[in-house]
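Below: the structure, in structure tokens.
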Amino acid sequence: MSAPLDQRVALVTGGASGFGRQSALRLAERGALVCVADVNGDGGRETAEIIGPRGFFSPLDVTRADEWSAVITAVIKRFGKLDVLVNSAGVDHPKDNVDDLDAKIWSHVFGINLKGTFLGCRHVIPEMRRAGGGSIVNLASILAVRADGGAVAYCASKGGVGALTRSVAASCAERKDAINCNAVCPGYMMTNMVRSALIAAPDPAAAQRRLESFHPVGRLGDADDVARLIVFLCSEEARFITGAELLVDGGFAAV
Amino acid sequence: MEKQPARKNQRLALLAGSPGPGLLGIAARLAGDGVGVVLAHPPGNAGGADSGACRSIRLDFGDRAAWVAAMRALDQGSARLAILVNCLGTTEPGTVESVGEQAWDEAMERNVEAFAYSCRAALQCFGATGGAIVNVCSVGGLVAGADSFLPDVAGGAIRLLTKSVALYCLDRGYPVACNCVQSVTHPSTGADYPSAAAALARGPHGAPAAADTAAMVSFLAGLTGCGITGAEFIVDGGRTAR
């Protein structure tokens, strides 16, 4: 298991569900103080309630710089510092191929997945510098490594997250900021996002079998597979890991 | 005797970007290959006069409909639009902290979203005979610089956008080769991307010239099938081999 995260302060976006919720719960379990941030107030408050007194909920639309300022102010007021950011908020779109692409789809997917990650990194780095260092974990995707013809904006946004992560890591390293920045690339996991896509498919069972076939281990992963890696990356044990894209994909990209 | 439709013999390339020496070098190389070249540059851009074998048009890269209209207008007479070369990148230096929100929005619209719209338009205009799409971006999408945040992020996005478009074409039987060139020099201006100069000093074979990028574009623009598609071609003087 990872080293304890006692008294480290974490901000987790997309904390109402999926990877974000599971990461928030795992970080708290390992001793971190956690701010659960999300546009989904009900889900976000529920995650914070599960965590208990070591957590609280703060509303956050990741595409808005003013809301990032507000949530960081709330974290500093509550816990006095900020050590960890997990950029987990993300979306896909069912009509995301190059023929159907329009400005609305592009703006929605790119805004949340990539601009939200940019704004998050931009806002937390000064606070982490004040705290003497920190860890940033950005949720990319297996589609940042292997593309899908039906997900052009999603692939581009996640490819951008991988490159953004390397760039942030490089600039923080050059400044000797002691801030690690890494990206996690999950394969297909049984989260609400994937579950919704399967339900919408003409034959959900066949669609699930197809997704499972991409992974040599023969099954989809779950949010905890990702959350455990995120907790490790936020720990002291991962202090020499930065600018990396780490796959959690059941062997997807290996074959 | 029934009149036969004119056969379209000459291949046309739409070459999009700012008309600097790098872009003109690519244009000259393609023209030397026997391809008709049309340079597309944004309305506010200086220069852009017709030069030699190349025509020049103004095009709002962020306008989805304008891309289709421009390509349809080109695809007339004896020439057939068969090649799209995107050189829309940015060289603006900066870090995640120094780049403002407005600069981010403008760069992503101009450098990534416009690539998607141009690819979409090309698929609509190439027709059954197909064509080649070549997206040119910074090698920073693979290997980051400390002071090249926007070109790095745009490069990373364009890499995966290219692969997604290539797979979409394969899935639907479109005979389109869609590939990505990653360069240390900006495809339009011929200038190095930020941080590239320092990295090149460590490169095994020194700095590649703009002509190296033009040669790679020429090769990829000549592809007629899909045997080589969704791939990345790096022109970096060995930088990423380290």
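The table for this structure:
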| quantity | calculated |
| --- | --- |
| Radius 13 Å from Cβ of residue A:15, net charge of other residues (Lys, Arg +1; Asp, Glu -1) | -1 |
| Summed residue charge, Cβ within 14 Å of residue B:42's Cβ, Lys/Arg positive, Asp/Glu negative | -3 |
| Spin-label proximity, residue A:253 to the range A:131-149 - amide N less than 17 Å from point 7 Å beyond Cα toward beta carbon | A:137-149 |
| Cut-off under 5 Å, modelled amide H: who pairs with residue B:181 long-range | B:135, B:136, B:137, B:233 |
| Largest-first principal axis extents of the Cα set of chain B (Å) | 69, 38, 36 |
| Cα centroid separation, the range B:124-189 to the range A:95-147 (Å) | 19 |
| Chain B - mean residue ellipticity at 222 nm from DSSP helices (-39,500 (n - 2.57) per run, n ≥ 4, rounded to 500) | -11000 deg cm²/dmol |
| Set A:104/B:163; A:81/B:163; A:77/A:104 screened for pairs whose C-alpha atoms are more than 31 Å apart | A:81/B:163; A:77/A:104 |
| Gained length - residue A:42 relative to residue A:69, 0.36 nm times residue gap less alpha-carbon distance | 7.6 nm |
| Under 19 Å from the residue B:73 label point (7 Å along Cα→beta-carbon), backbone N, the range B:117-140 | B:117-126 |
| Estimated FRET transfer efficiency when R0 is 25 angstrom, pair residue B:124-residue B:224 (beta carbons, to 0.05) | 0.85 |
| Principal-axis tilt of helix B:64-74 within chain B, Cα atoms, nearest 10 degrees | 50 |
| Derived scalar couplings ³J(HN,Hα) [the range A:76-84; Karplus, 6.51 cos²θ - 1.76 cosθ + 1.60; whole Hz; x for Gly, Pro] | 5, 5, 7, 10, x, 6, 9, 10, 9 |
| Selection of trypsin sites (Lys or Arg not before Pro), the range A:82-173, meeting DSSP coil and at most 15 other Cβ within 10 Å | A:95 |
| For the protein assembly as shown, convex hull volume per residue from C-alpha positions, Å³ | 149 |
| Hull volume in cubic angstrom per residue (convex hull over the Cα atoms of chain A) | 121 |
| Size of electric dipole in chain A: Cβ of Lys, Arg +1 and of Asp, Glu -1, about Cα centre, debye, nearest 20 | 640 |
| Degrees, to the nearest 10: B:21-32 long Cα axis against longest axis of chain B | 30 |
| Helix axis angle, A:223-233 relative to chain A longest principal axis, alpha carbon, degrees | 40 |
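Read the figures in this text as sums done on the coordinates, not as results from a lab. Bear in mind that the values here come from a model prediction, so they are computed numbers and not experimental data. Heads up, the Cβs are rebuilt from the backbone with ideal geometry, glycines too, and the neighbour counts pull from every protein chain shown.
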